[in-house]
Each structure stands twice: as structure tokens, then as C-alpha cells.
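First the structure, in the form of C-alpha cells, and then the observations on it.
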């Protein structure tokens with residue numbers, strides 16, 4: 001059973017209206033940006049290719065969250081089978097890690113373009129872009145599969161989910177017990193993710209320092225890096241808000257907990273296309 005069972009009929013209708021609207025807008029914005037990047041040959045550059053992948057990842061997160069929530073809102077009793085919960089957990093976990101790999105690759109691209117401009121086209125060649133695209137998708141898909149398989153292999157004792165969606169930590173809470181090797185492997189994987197986030201932070205610090213010494217770099221930073229920095233800050237803040245409830249058990253009202261846990265799945269796919277569409281002039285020209 002999910003947390004929506006405690007919501008009355010009127011509230012369900014109101015939430016359904018807002019949820020369906022945000023779902024439609026998020027899909028429309030991301031699909032529009034992807035279509036522009038695919039059609040316009042002048043945008044077939046590493047920065048825009050990685051941006052297109054960020055939008056595809058946003059659609060994956062949207063597909064993993066909204067349809068199940070909308071179906072739960074139109075029925076009296078909200079429940080989910082174990083198999084469906086495992087699938088949703090995998091999709092959402094892959095989306096979260098995919099956001100990190102996408103943003104880390106985009107940070108690398110901007111670091112090379114601004115701090116190493118003479119070597120940019122040599123380093124960011126076609127083969128490098130293909131390898132980075134493989135990393136963007138293979139890393140979260142493979143690690144997510146390992147984590148979810150380990151979590152799903154544990155016997156399930158719980159029957160109530162205190163969030164609006166299933167996730168790997170939800171499966172852990174439903175399990176009768178977790179094994180020590182599982183905790184160690186998960187710790188190693190999340191340590192790697194922290195390294196990627198540390199790399200992003202380091203890259204943006206270097207970019208800001210480089211921009212202070214050159215007006216040309218300042219112009220490049222303002223035109224291409226600000227959207228990346230906003231997207232990165234947005235995702236980090238939302239991740240901290242979500243983990244404060246999921247991992248650290250911060251005491252909040254149930255309504256606020258549900259709202260807070262959904263933000264990381266609602267805000268980035270909705271806001272990222274708007275940020276990049278407004279700030280990047282080549283995309284703004286075609287929109």
C-alpha cells in the first residue's frame with residue numbers, strides 16, 4: 001500500500017489535475033528540446049548532444065514517476081505489486097544516477113572548452129563523445145541493476161510505502177533484513193557517485209577562477225556554463241532534501257515528506273529545458 005491511501009477524494013482530484021498538467025508540460029518541453037537538437041545540424045556539437053541526453057534522462061524519470069502516480073490518484077485504494085515496485089525503483093534510481101553522470105560529463109565538456117580551449121577539439125573528438133555517451137548510460141544502468149537486484153533478493157516483511165513512489169531505499173525498509181555485503185557494495189557505488197559530484201564541484205570552481213582572469217572566459221561562462229551550474233545546484237539541493245527524509249529520518253509532517261520526496265522527480269525534468277532554452281542563444285533562436 002502507498003501513502004496516497006490517506007488522501008481524500010477531493011484532494012486526489014486536485015493533485016491529479018496539477019500532476020497531469022506538470023506531466024504534459026515536462027514531456028512537451030523535453031521532447032521539444034530534443035527535437036530541436038536532432039533536427040538542427042548546427043547543434044550537433046558535444047555540448048548540445050550531452051544536453052539532449054540530459055533531456056532524455058529527464059523523460060526517463062518522468063516516465064518512471066508520473067504514470068503510476070496518476071493511476072493511483074484515480075483509484076480508491078492505492079497499491080503496487082512487488083514486481084512493479086522493483087521496476088519503478090530501478091527506473092527512478094537509474095534516472096537519479098543518470099542525472100549525475102550527465103551533469104558530470106557536461107561539466108567536463110565546459111571545463112575543456114573554457115580552461116583548455118586549444119586542446120578542446122582534439123580531446124572532445126567523435127570517439128571521445130561516443131565513449132562519454134556510453135559512460136552516461138552504462139554506469140547508472142549497470143549499477144542500478146546491481147543495487148536493485150540485491151535489494152529485491154531480500155525477503156519482504158513490510159507492506160506499507162511511506163512515499164509516493166518506490167525506490168531502492170523503500171525496498172530496503174520493506175525487507176526483513178539486509179546483508180552486510182549488500183551494504184558494502186552499495187557504499188562503494190555511492191562513493192563513486194560522490195567522486196563524480198566532487199569532480200563537478202571542482203570543475204565549476206576552476207571555471208569560476210578562470211573567468212575572473214579573462215573577460216572572454218566570462219562571456220563563455222555566462223552564455224554556456226550558467227545553465228549547467230543552475231541545473232547542478234538544483235539537483236544537489238533536491239537530492240539533499242530527499243535524503244534528509246529517506247536516509248536520515250528527519251521529522252517532518254507526512255504531507256511535507258511526500259511533497260519533498262517528489263521534488264527531485266518533478267523539478268529537474270520541468271526546469272532544465274526552460275533554463276537551457278532561455279539561456280543558450282542557439283536553442284533560443286530555434287524556439
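The values are calculated or read from the model by the stated rules, or taken from the named source; none is laboratory data. For clarity, every value in this text was computed on a predicted model and none was experimentally measured. Cβ atoms come from the backbone with ideal geometry, glycine included; neighbour counts cover every protein chain shown.
Some notes on this structure:
- Of all the residues in the range 23-34, those that are surrounded by 20 or more Cβ atoms within 10 Å (Cβ to Cβ) and either in contact (Cβ under 8 Å) with a residue 60 or more places away in the chain or not in a helix (DSSP H, G or I) (or both) number 4.
- Residue in the range 158-169 that is touching a strand residue (DSSP E or B) at 6+ places or on another chain (Cβ under 9 Å), within 19 Å of residue 65 (Cα to Cα) and in contact (Cβ under 8 Å) with a residue 60 or more places away in the chain present: no
- Meets criteria (touching a helix residue (DSSP H, G or I) at 6+ places or on another chain (Cβ under 9 Å), under 23 Å from residue 170 (Cα atoms), in a helix (DSSP H, G or I) and modelled with pLDDT under 85) for residue 4: yes
- Residues that are under 19 Å from residue 265 (Cα atoms), modelled with pLDDT of 85 or more and surrounded by fewer than 17 Cβ atoms within 10 Å (Cβ to Cβ) are absent from the range 35-49 altogether.
- Matching residues, the range 138-157, being free of Cβ contacts under 8 Å to residues at least 60 places away in the same chain and in contact with a helix residue (DSSP H, G or I) (Cβ under 8 Å, 6 or more places away or on another chain): 139, 140, 141, 143, 144, 145, 146, 147, 150, 154, 157
- Entry remark, the range 70-87: residues being closer than 24 Å to residue 140 by Cβ and in contact with a helix residue (DSSP H, G or I) (Cβ under 6 Å, 6 or more places away or on another chain) number 1 in total.
- Residue match in the range 72-91 (condition: more than 22 Å from residue 165 (Cβ to Cβ), surrounded by fewer than 22 Cβ atoms within 10 Å (Cβ to Cβ) and free of Cβ contacts under 8 Å to residues at least 12 places away in the same chain): no
- Sole exception among (1) touching a helix residue (DSSP H, G or I) at 6+ places or on another chain (Cβ under 9 Å); (2) closer than 24 Å to residue 103 by Cβ; (3) loosely packed, with under 14 Cβ neighbours inside 10 Å for residue 130, by number: (1)
- Test for residue 37: is it touching a helix residue (DSSP H, G or I) at 6+ places or on another chain (Cβ under 7 Å), under 14 Å from residue 280 (Cβ atoms) and either without any contact (Cβ under 8 Å) to a residue 60 or more places away in the chain or part of a helix (DSSP H, G or I) (or both): yes
Results for (1) outside any helix (DSSP H, G or I); (2) touching a strand residue (DSSP E or B) at 6+ places or on another chain (Cβ under 6 Å); (3) over 27 Å from residue 279 (Cβ atoms), shown as yes or no for each residue.
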position	(1), (2), (3)
57	no, no, no
70	no, no, yes
79	yes, no, yes
88	no, no, yes
114	no, no, no
120	no, no, no
150	no, no, yes
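- Enumeration of residues in the range 115-136 that are free of Cβ contacts under 8 Å to residues at least 40 places away in the same chain and closer than 24 Å to residue 185 by Cα: 134, 135
- Condition check for residue 173: outside any helix (DSSP H, G or I) and modelled with pLDDT under 85: no
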